[in-house]
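For reference, the structure is listed below as structure tokens.
The values are calculated or read from the model by the stated rules, or taken from the named source; none is laboratory data. On a predicted model such as this, the values are computed, not experimentally measured, just so you know. Cβ coordinates were reconstructed from backbone atoms using ideal geometry, including for glycine residues, and neighbour counts include every protein chain displayed. Accessible surface areas use protein heavy atoms only, side chains included; no ligands, DNA or RNA. Shrake-Rupley method; radii C 1.70, N 1.55, O 1.52, S 1.80 Å.
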There are 2 protein chains.
Amino acid sequence: MYDVLIIGLGAAGYTAAVYSARYKLSTFIVGAEEGGMGMTAAEVGNWPGDIDVRGPDLMERFKNHALSFGDLVTHKIAWVKSIEKIDGGFRLHLESGDTVDGKTIIFAMGSSKRHLGAPGEEEFSGKGVTYCATCDAFFYRNKTVAVIGGGDSAVEGAAIVAQVAKQVYLIHRRSDFRAEPYWVDRVQSRDNVTFVLERNVAEIVGNERVTGVKLDKPFEGQETLAVDGVFIEIGSLPSTELGKSLGCALDSKGFLQVDGAMATTVPGVFGAGDVTSGSNHFAQFATAAGEGAVAANSVFNYLQSGGKHEGGHMA
Amino acid sequence: MYDVLIIGLGAAGYTAAVYSARYKLSTFIVGAEEGGMGMTAAEVGNWPGDIDVRGPDLMERFKNHALSFGDLVTHKIAWVKSIEKIDGGFRLHLESGDTVDGKTIIFAMGSSKRHLGAPGEEEFSGKGVTYCATCDAFFYRNKTVAVIGGGDSAVEGAAIVAQVAKQVYLIHRRSDFRAEPYWVDRVQSRDNVTFVLERNVAEIVGNERVTGVKLDKPFEGQETLAVDGVFIEIGSLPSTELGKSLGCALDSKGFLQVDGAMATTVPGVFGAGDVTSGSNHFAQFATAAGEGAVAANSVFNYLQSGGKHEGGHMA
């Protein structure tokens, strides 16, 4: 029986594995694919200490770090079909039929960004279509871009991109916003932001890269807005199925609810990274890593205290 | 007037500067010395993605990253004597007499570890004397070490070190512990942990490196315990003076109280890193970086919303 089962092969999972190995906890880390959301980042500019690094290269470094502890860390690429509570811990059922037992769990399965489902979206993903304004705005200096969505993340995304871009179209299918009205007004009042309301994206068009967004109804006479980039900010889908099956509570946005120790509502079950409510829902390499460290520390404290101590690290 | 004033030149401050620069916020970052607590780490094994890096080298990378944004980031090494609230923001008074104004603040001044004040402590700092069990336990495989203290951090420290060391002495000046009794019992029951109670450390002795801890009263006939390392875990002193002067509330342990958005209790004032109550008080490079990212995102949201939005990033 492993000390800890980490599910998810992204920044949060690998960091948790580094910490658990350094605590000499026997660690099993598993996920359907390596590298998580980090794999999709062509250019990472905000992993501190690395001015420029490719996402897959950074994730390779995280993985190699986690695997540098010899027998302490077992790494497996596999789909976890289900989890059950067993005496003294938990049992993972892998798709192969194999089972793996552990005393504690760290859920680090991340989330996926909601897609529009518009023609051209997949084709131009990474070629002008992006799902993270904080990560990618900086690459659109003096360019014209569209931001899609009507919630806080879209309004925040438009504000972020407007800091660097020449011109921003905020395209929203309704006329009213879920985001805070005061903030919506502030963004709308910016000279370089144009609101394109009651319009759907019919298609994302381009050649090598994105060249425009085709609308379902013309806007100021134009059926296609010429843009260099499209930021799709319509929310995230955290991978919470396994957590829910164990009875872990979700927060109001549908993420795994964790406390400051990254403990879920189920004893012995912790979370880290984009799947959780941690770090103010700000999903970044740096926040995932920080949460992975805290979760592993909490697992250590939990095991040492025989399950009495839900992870409160004391300064 | 700068958009944001970041006080502290460690992992949290530099990461916040990377993020604020990427949001195109004009950023002033200042501190009495470069690199913060990171400078004291001879060997860093838990910065994810870098299996082994020297603390000063890692901090140099953080700094260079923050300074890679040209005019957006102004970096100054100076002592901040005081801060005052001014119309629309805050004014820093530097020791030179210069003042610097900004709309928002991120406190990232870190904390210092409490020292014993015992002879030999400073001399052998980094040569067997350490203040972070999580960071350094791994370097004491199959060695004999002393852990000093009686609170949770000492008991946790002893448990962490006992995972890797051959023999651990937990030296505490009293017979009772502030740490949770259940956990104290668990640690005491370990074969390789010996409790040395009602003893003070009279001196830390050694040659090139630590060789022993001299007690004020003999323990089992020995005046000096032969050890290879001494982990001093008697608490942290967060640098909260400037925060307190602005009216920021502290948590029960004396750290700057922050919410999930890393907002302090004073509007426009945020915190990141070891000085705050964030990340469950788990003070690591990874947690400091994660908090720096969140704090900068919250500053951005605060400024964009004209101060109405205290930083809640929406997933």
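Among the residues of the stretch A:248-271, those identified as under 15 Å from A:Ile7 (Cβ atoms) and not in a loop (DSSP other than H, G, I, E, B) are A:Leu256, A:Val269, A:Phe270, A:Gly271.
Every condition in (1) modelled with pLDDT of 95 or more; (2) under 29 Å from B:Val155 (Cα atoms); (3) not in a strand (DSSP E or B) is met by A:Asp274 except one, and the failing one is (2). The number of residues in the stretch B:169-185 that are aliphatic (A, V, I, L, M) and closer than 23 Å to B:Ala202 by Cα comes to 2. Filtering the stretch A:156-185 to residues that are hydroxyl-bearing (Ser, Thr, Tyr) and either facing another protein chain (nearest Cβ under 9 Å) or in contact with a His (Cβ under 9 Å, 6 or more places away or on another chain) (or both) leaves only A:Tyr182. The set of residues in the stretch B:110-121 that are open to solvent by less than 30 Å² (accessible area, probe 1.4 Å) and without any contact (Cβ under 8 Å) to a residue 60 or more places away in the chain is empty. Residues considered: B:Arg186, B:Arg199. Of these, the only one that is over 30 Å from B:Gln257 (Cβ atoms) and out of contact with any helix residue (DSSP H, G or I) (no Cβ under 7 Å at 6 or more places or on another chain) is B:Arg199. Going by the conditions given, is A:Phe62 under 23 Å from A:Thr224 (Cα atoms), in a helix (DSSP H, G or I) and of a type in the set (Phe, Trp, Tyr)? So A:Phe62 does not fit the description; no. Scan the stretch B:282-307 for residues that are open to solvent by 10 Å² or more (accessible area, probe 1.4 Å), in contact with a Phe, Trp or Tyr (Cβ under 8 Å, 6 or more places away or on another chain) and facing another protein chain (nearest Cβ under 8 Å) and report the count. Result for the stretch B:282-307: 2. A:Ala261 - would you say it is at the interface with chain B (Cβ under 7 Å from one of its Cβ atoms), of a type in the set (A, V, I, L, M) and open to solvent by less than 30 Å² (accessible area, probe 1.4 Å)? Yes.
Within the stretch A:220-261, the set of residues being touching a Phe, Trp or Tyr at 6+ places or on another chain (Cβ under 8 Å) and of a type in the set (A, V, I, L, M) comprises A:Leu225, A:Val227, A:Val230, A:Ile232, A:Leu242, A:Leu246, A:Leu256, A:Val258, A:Ala261. Looking at B:Phe138, B:Phe124, which one is facing chain A (nearest Cβ under 10 Å) and in contact (Cβ under 8 Å) with a residue 40 or more places away in the chain? Criteria check complete, one pass: B:Phe138. Assessment of the stretch A:75-98 against the conditions (free of Cβ contacts under 8 Å to residues at least 24 places away in the same chain, outside any helix (DSSP H, G or I), open to solvent by 70 Å² or more (accessible area, probe 1.4 Å) and of a type in the set (S, T, N, Q)) yields at least one matching residue.
Residues being under 17 Å from the mean Cα position of the chain (by Cα), open to solvent by less than 20 Å² (accessible area, probe 1.4 Å) and within 12 Å of chain A (Cβ to nearest Cβ) are entirely absent from the stretch B:242-252. When you check B:Ser153 against the structure, is it away from every other protein chain (no Cβ under 12 Å) and within 17 Å of the chain's Cα centre (by Cα), yes or no? Judged against the criteria, B:Ser153 is not a match.
Restricted to the stretch B:32-56, and to residues there that are open to solvent by 70 Å² or more (accessible area, probe 1.4 Å) and in a helix (DSSP H, G or I), the residue that is farthest from the other protein chains (Cβ to nearest Cβ) is B:Thr40.
Looking across the stretch B:104-114, the residues that are closer than 19 Å to B:Gly254 by Cα and either at pLDDT below 95 or aliphatic (A, V, I, L, M) (or both) come down to B:Ile106, B:Ala108, B:Met109, B:Ser111, B:Ser112, B:Lys113, B:Arg114.
Considering only residues that are among the small types (Gly, Ala, Ser), within 13 Å of chain B (Cβ to nearest Cβ) and assigned to a loop (DSSP other than H, G, I, E, B), which ones fall in the stretch A:1-31?
Keep residues of the stretch A:1-31 that are among the small types (Gly, Ala, Ser), which gives A:8, A:10-13, A:16-17, A:20-21, A:26, A:31.
Narrowing the set further to residues that are within 13 Å of chain B (Cβ to nearest Cβ) leaves A:10-13, A:16-17, A:20-21, A:26.
Listed by number, the residues that qualify are A:Gly10, A:Ser26.
Are any of the residues in the stretch A:218-239 open to solvent by less than 70 Å² (accessible area, probe 1.4 Å), free of Cβ contacts under 8 Å to residues at least 60 places away in the same chain and of a type in the set (Ser, Thr, Tyr)? Yes - at least one qualifying residue is present in the stretch A:218-239.
Here A:Thr104 does not fit the description of being under 21 Å from the mean Cα position of the chain (by Cα) and of a type in the set (Ser, Thr, Tyr). Condition first: in contact (Cβ under 8 Å) with a residue 24 or more places away in the chain, buried (at least 18 other Cβ atoms within 10 Å of the Cβ), of a type in the set (Phe, Trp, Tyr) and within 14 Å of chain A (Cβ to nearest Cβ). Can you find one or more residues in the stretch B:264-279 that meet it? Checked the stretch B:264-279: at least one residue is in contact (Cβ under 8 Å) with a residue 24 or more places away in the chain, buried (at least 18 other Cβ atoms within 10 Å of the Cβ), of a type in the set (Phe, Trp, Tyr) and within 14 Å of chain A (Cβ to nearest Cβ).
Could you go through the stretch A:278-294 and let me know if any residue there is in the same structural domain as A:Gly36 (by TED's automatic domain parsing), under 24 Å from A:Glu84 (Cβ atoms) and outside any helix (DSSP H, G or I). Quick ask: steps written out before the conclusion?
Kept after step one, since they are in the same structural domain as A:Gly36 (by TED's automatic domain parsing), are these residues of the stretch A:278-294: A:278-294.
From what is left, the residues that are under 24 Å from A:Glu84 (Cβ atoms) are none.
No, the stretch A:278-294 contains no residue that is in the same structural domain as A:Gly36 (by TED's automatic domain parsing), under 24 Å from A:Glu84 (Cβ atoms) and outside any helix (DSSP H, G or I).
Per this entry, B:Glu233 is counted among residues that are closer than 15 Å to B:Ala118 by Cβ, within 26 Å of the chain's Cα centre (by Cα) and within 14 Å of chain A (Cβ to nearest Cβ).
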